[in-house]
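The values are calculated or read from the model by the stated rules, or taken from the named source; none is laboratory data. What you see is a predicted model, and the numbers here were worked out from it, not measured in a lab. Cβ placement follows ideal geometry from the backbone for every residue including glycine, while neighbour counts extend to all protein chains displayed.
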Amino acid sequence: MRSMLKQLMTMQGMLTTTFLILLISAAYIDFKRKRIPDRIVFCIFFVAFTGLFFMETPVIAQKAAGIFVVSVPMLLAALCAPGAFGGGDIKLMAACGLFLGAEAVFYSFFYSLILGGIYSVYLVSYKSKAGKTEFAFGPFLASGIILRLIFQGF
């Protein structure tokens with residue numbers, strides 16, 4: 001318990017905690033309104049940029065690559081299939097990529113796709129009678145990121 005409290009008191013711990021609060025806020029708002037506010041994404045970018053100076057891993061090049069490794073394919077998918085991903089989802093993953101780094105954001109997105117895929121099967125199987133199979137993807141992105149942080153050991 002003391003070690004966890006000590007870790008939270010470090011700058012890295014404070015940045016990670018702030019990141020998680022913002023991420024969960026974005027997921028909640030997306031769940032309720034199907035929209036991720038730009039101000040939350042901007043705050044995540046700010047926390048991630050600050051983390052470049054205070055967090056040890058991953059290296060800056062990995063974090064810079066993290067901006068593009070998921071967000072660019074998401075953008076291309078949204079351009080090819082309108083409605084596949086929203087602009088907020090794309091910007092959120094770019095900001096999270098700067099915080100997490102390329103490898104972690106890639107795995108986070110992979111977990112998000114699995115969780116979102118399971119939910120979409122549920123929607124098609126049980127809710128398709130209503131004809132509404134569209135859903136907010138932000139909560140699944142946040143869940144994938146949290147899963148990755150848990151598996152990584154924060």
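Say whether the condition of being crowded, with 17+ Cβ neighbours inside 10 Å, in a helix (DSSP H, G or I), within 12 Å of the chain's Cα centre (by Cα) and not acidic (Asp, Glu) is met by at least one residue in the range 115-137.
Looking for residues that are crowded, with 17+ Cβ neighbours inside 10 Å, in a helix (DSSP H, G or I), within 12 Å of the chain's Cα centre (by Cα) and not acidic (Asp, Glu), one finds none in the range 115-137, hence no.
Report every pair of residues separated by at least 6 positions or lying on different chains whose Cβ atoms are under 8 Å apart, first residue within the range 99-111 and in contact (Cβ under 8 Å) with a residue 24 or more places away in the chain and farther than 8 Å from GLY144 by Cα, second assigned to a helix (DSSP H, G or I) and of a type in the set (S, T, N, Q).
Correct list of pairs: LEU100/SER108; GLY101/GLN62; ALA102/GLN62; GLU103/GLN62; ALA104/GLN152.
What's the number of the condition GLY13 fails, among (1) modelled with pLDDT of 90 or more; (2) over 16 Å from ILE90 (Cα atoms)?
GLY13 satisfies all of (1) modelled with pLDDT of 90 or more; (2) over 16 Å from ILE90 (Cα atoms) except (1).
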